[in-house]
Amino acid sequence: MSEDFLDNIFEKAATGETLIKNRRTLTIDYVPENLPFRDEETKTVAQTLSVVLKAARPSNLLLFGKPGTGKTAVVKKVIEHLHKKAKELGLEVIVPIINTKSANTAYKVLYEIAEDMGINKEEKKLQVHFTGLSMGEATDRILDFIGKKKLNVVLVFDEIDSLVDKNGDDILYNFTRANERISKGGFISLIGISNSLTFKDKLDPRVRSSLSEEEMVFNPYKVEQLQKILIDRARVAFNDDAIDGAAINLCAAMAGKENGDARKAIDLLRVAAEIAEREKADKVEEKHIRLAQEKIEKDTNFEILKNSTTHTKIIIMAIMKSKIGNTGEVYEIYSSLCRHTEQEPLTQRRITQIISELDQLGLVISNIMSQGRYGRSQRIKITVPVLTIKEALKDDPILSALLMIND
Ligand code: ADP
Ligand code: MG
């Protein structure tokens, strides 16, 4: 009897819920048995890695694609099978998968690699602990360990673009050069997974050429493909008849509009099911998908607003207060709010930049209006409900006073 099966019995008993059969299959980390529409990609990754089974070093591999195109899922699936085959053959392959976005600092990345490889079971002076070493020393200990134990290591840097944005490419440089040092046996190969298509431009040319010995691009899913992915997922996630076909189609259509993002599609499905459960509905229907879309959008906007800088928050307030909504007026109000809160105002040029970033995030719309022979001017409007903004800004000590005046 599988663990899921047992969990489900208890879950059902505890909550009285009847829609979701297997909640785990709707979470981010779940990798389904089959990954339709990713045969080519799976094959390429598998073929690249297959030489590991002959104890040879695979080429480094760089995978690109927009979020939700199945990159992480494909790599995890291939590695799962690689481990299985290696075990049958009595080979040891070590494959740390490091999400460099959640690891956050460069040192934490090294620490996670070390942990994963089992360095911290070594004698004390060879260990790599959570703090206390320089980056250079930590890297040396990892490479020495690989060399000494003659390990075959495939190191996966997921969300590698975020690592390079935050910390530059030093770590990657060290690891791409590592094989020169581990010459006595063992090897290290790298798989980089990037959400950004222009990621390579940020790399030092030596790192770039080494890391992309092989490359592969993952394309966004089409609506029909998302539909099939969702139907498969709904089958394992929901009880029979607990979701409408029309709801699945709508979900696919919405996620298809947003960059063909399968993660978005599955998020919609999960949130919609939660809403339906709360309503005690006996089915997930289209209306639940629509509510889910609203909720996800609201939560995302809320998080962005809450985590933005004080100046960005003041700009948002200035846009809210503006009547005409052109850059000049917004800047004037912004400057006066800065005076009230004793903040040194940023330049108008910087403000224009921030507004265009907010535009890209979908928090404001700024239309260029033609004003006849006087040229063109911008109309800036907030797209987020005032209540959401107030809720998101209210805990900021600098801004709470301003919000009170506003009430
Ligand atoms: P990426 O790493 O490209 O951002 P993920 O691999 O994390 O995307 O995929 C996002 C979500 O969509 C995951 O829940 C994953 O299981 C699912 N998914 C992606 N591609 C497929 C596919 N071809 N079939 C089934 N599920 C998929
Ligand atoms: Mg990913």
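None of the figures in this text is laboratory data; all of them are computed from the coordinates on show. The shown structure was predicted, so the numbers you read here are calculated from the model rather than taken from an experiment. Glycine also receives a Cβ, built like all others from the backbone with ideal geometry; neighbour counts cover every protein chain displayed.
Structure above, values below:
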{"item": "Of all DSSP beta bridges in the chain, antiparallel share, percent nearest 5", "result": "30"}
{"item": "Under Karplus coefficients 6.51, -1.76 and 1.60, residue-wise ³J(HN,Hα) of region 203-212 in Hz, glycine/proline x", "result": "9, 4, x, 5, 5, 4, 5, 6, 5, 9"}
{"item": "Kirkwood Rh in Å, taken over region 196-313 so that all alpha-carbon pairs contribute", "result": "16.5"}
{"item": "Helical contribution to [θ] at 222 nm, DSSP H n ≥ 4, -39,500 (n - 2.57), averaged over the chain, rounded to 500", "result": "-17000 deg cm²/dmol"}
{"item": "Taking the convex hull of Cα positions in the chain, its mean projected area over all directions (nm²)", "result": "26.3"}
{"item": "P(r) weight above 13 Å for region 226-285, C-alpha pairs, percent", "result": "55"}
{"item": "Exposed GluC sites (Glu not before Pro) absent: longest stretch of the chain, with sites in DSSP loops and at most 10 other Cβ within 10 Å deemed exposed", "result": "124-341"}
{"item": "Full-stretch length increase - residue 257, residue 102 - with 0.36 nm per residue and alpha-carbon distance subtracted", "result": "53.1 nm"}
{"item": "Reference-scaled alpha-carbon Rg (2.2 N^0.38 Å with N residues) for region 68-125", "result": "1.36"}
{"item": "Residue 116/residue 339 FRET efficiency (R0 56 Å; Cβ-Cβ; nearest 0.05)", "result": "0.60"}
{"item": "Pairwise centroid distance, computed over Cα atoms, of region 118-140 with region 286-358, Å", "result": "44"}
{"item": "Relative contact order for the chain, counting Cα pairs under 8 Å that sit 6 or more residues apart, in percent", "result": "16"}
{"item": "Cut-off under 5 Å, modelled amide H: who pairs with residue 191 long-range", "result": "61, 155, 156, 157"}
{"item": "In order through region 249-262: 3J(HN,Hα) via Karplus (6.51 cos²θ - 1.76 cosθ + 1.60), integer Hz, x for Gly, Pro", "result": "4, 5, 4, 5, 5, 5, 5, x, 5, 9, 6, x, 9, 5"}
{"item": "Calculated over region 283-336: convex hull of Cα atoms, volume per residue (Å³)", "result": "89"}
